[in-house]
Amino acid sequence: MRKKDLLSLTPMDIEEFLAGMGEKRFRGKQIFQWINKGIKDFDKMTNLSKPLREKLKDYAYITNIEIKEKLVSNIDGTTKYLFLLDDYNIIEGVVMKYHHGLTACISTQVGCAMGCTFCASTLKGLVRNLRAGEMADQILTMQKDMGERISNIVLMGSGEPLNNFHETIKFIKIINDEDGLNIGNRHITLSTSGLVPQIKALADLQIPINLAVSLHAPNDALRKQTMPIAKKYSIKELIESCKYYIDRTNRRVSFEYALIRGINDDEAHARELSDLLKGMLCYVNLIPVNTVEGKEYKKPNIGDTGKFQQILRGSGIEATIRREMGADINAACGQLRRKYLQKQ
Ligand code: SAH
């Protein structure tokens, strides 16, 4: 029998697992509590009997990712981690300090299959999906290292979370649980490149997390130039799925728009985007593109970013310019892993 990763299980899953071994279900909650406190050693679970602990060692394990490298920004304290997984794959996570507390940005896959031309995570494509426990352990490990509670989670590291749907949903349920990290849906943001059927499926699950959609262009022709997924789903279909999400969850959707000089950052693009989103329960996050080694995209001039924002606001669309965090430590997604892989 293959050992089970208990960190990838909800309390109910652990109960099922125990019942399957002829053990008492109520132990599930106790085990879940230990694991989600970051305890990795069954012998430290002192309210379990010795025989049960031994049995668990035989049939189960607890994901344990290791910090391989850590970089702290001198500018804003943003901390970037490179993690080593048990199969020697490398992923990264980031903790950002905001006045309302710590926000962790985590990866959902090793690499990514989406192939967006501006993104550092696409190097070498998708290696594999992460298990729910590997997502949760990024939080547990960073929280332990920071010595402070992480209160907000963004799924904006490497990977396409909706391409790893099942494990991502399980992960959300695990961190939601009040016996675990107890992070509410309103404190979780999932960012997607725009997988239309999965956005609808997520809406139907009625887990009202914040949905962020990577749009990056106001029309299909332009979007296809930087995001291969645009060849599969049109912006029209994408916007419809977002409206469905809003209807089902009553949540506002945010659109990410990485401004790339000379590509998608002029006033006509801003007006086209305004027309597209007018009247929708949404807001736009403008991100001056992060430059990635080996790719020639440039940030827009500061004035152009402000102008872009003004045009959106003029149409009644809320738009913010995302502050760059950890600029001195390659904190943008995929960059550290990319450096690491290139070195090897
Ligand atoms: N796959 C998901 C989540 C991971 S990326 C998605 O596509 O949304 C998180 C966000 O960072 C996405 O909006 C992505 O488009 C954006 N991003 C990637 N590379 C970037 C870069 N070089 N500059 C600015 N934003 C970038």
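Is at least one residue of the stretch 8-17 part of a loop (DSSP other than H, G, I, E, B) and either of a type outside the set (A, V, I, L, M) or modelled with pLDDT of 95 or more (or both)? Within the stretch 8-17, one or more residues are part of a loop (DSSP other than H, G, I, E, B) and either of a type outside the set (A, V, I, L, M) or modelled with pLDDT of 95 or more (or both).
Rundown of residues vs (1) within 20 Å of A270 (Cα to Cα); (2) hydrophobic (A, V, I, L, M, F, W, C); (3) at pLDDT below 95, yes/no style:
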| site | (1), (2), (3) |
| --- | --- |
| S214 | yes, no, no |
| Q225 | yes, no, no |
| L238 | yes, yes, no |
| S241 | no, no, no |
| I246 | no, yes, no |
| Y257 | yes, no, no |
| I260 | yes, yes, no |
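The rows are residues; the columns are (1) without any contact (Cβ under 8 Å) to a residue 24 or more places away in the chain; (2) acidic (D, E); (3) within 13 Å of the ligand (Cβ to nearest atom).
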{"position": "T117", "(1), (2), (3)": "no, no, yes"}
{"position": "R131", "(1), (2), (3)": "no, no, no"}
{"position": "M142", "(1), (2), (3)": "no, no, no"}
{"position": "G147", "(1), (2), (3)": "yes, no, no"}
{"position": "V154", "(1), (2), (3)": "no, no, yes"}
{"position": "F165", "(1), (2), (3)": "no, no, yes"}
{"position": "K170", "(1), (2), (3)": "no, no, no"}
{"position": "L181", "(1), (2), (3)": "no, no, no"}
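Exactly one residue out of G306, G294 is of a type outside the set (K, R) and under 13 Å from I321 (Cα atoms), and it is G306. Note on the stretch 187-196: residues that are in a helix (DSSP H, G or I) and closer than 17 Å to F255 by Cβ amount to 1. Against the test of being touching a residue at least 40 places away in the same chain (Cβ under 8 Å) and farther than 20 Å from G93 by Cβ, the options E318, E267 yield a single qualifying residue, E267. Restricted to the stretch 304-318, and to residues there that are more than 14 Å from the ligand (Cβ to nearest atom) and of a type in the set (V, I, T), the residue that is surrounded by the most Cβ atoms within 10 Å (Cβ to Cβ) is I317.
The values are calculated or read from the model by the stated rules, or taken from the named source; none is laboratory data. Note that this is a predicted model, so its numbers are computed, not measured. Here Cβ is always computed from backbone atoms with ideal geometry, including for glycine, and neighbour counts include all displayed protein chains.
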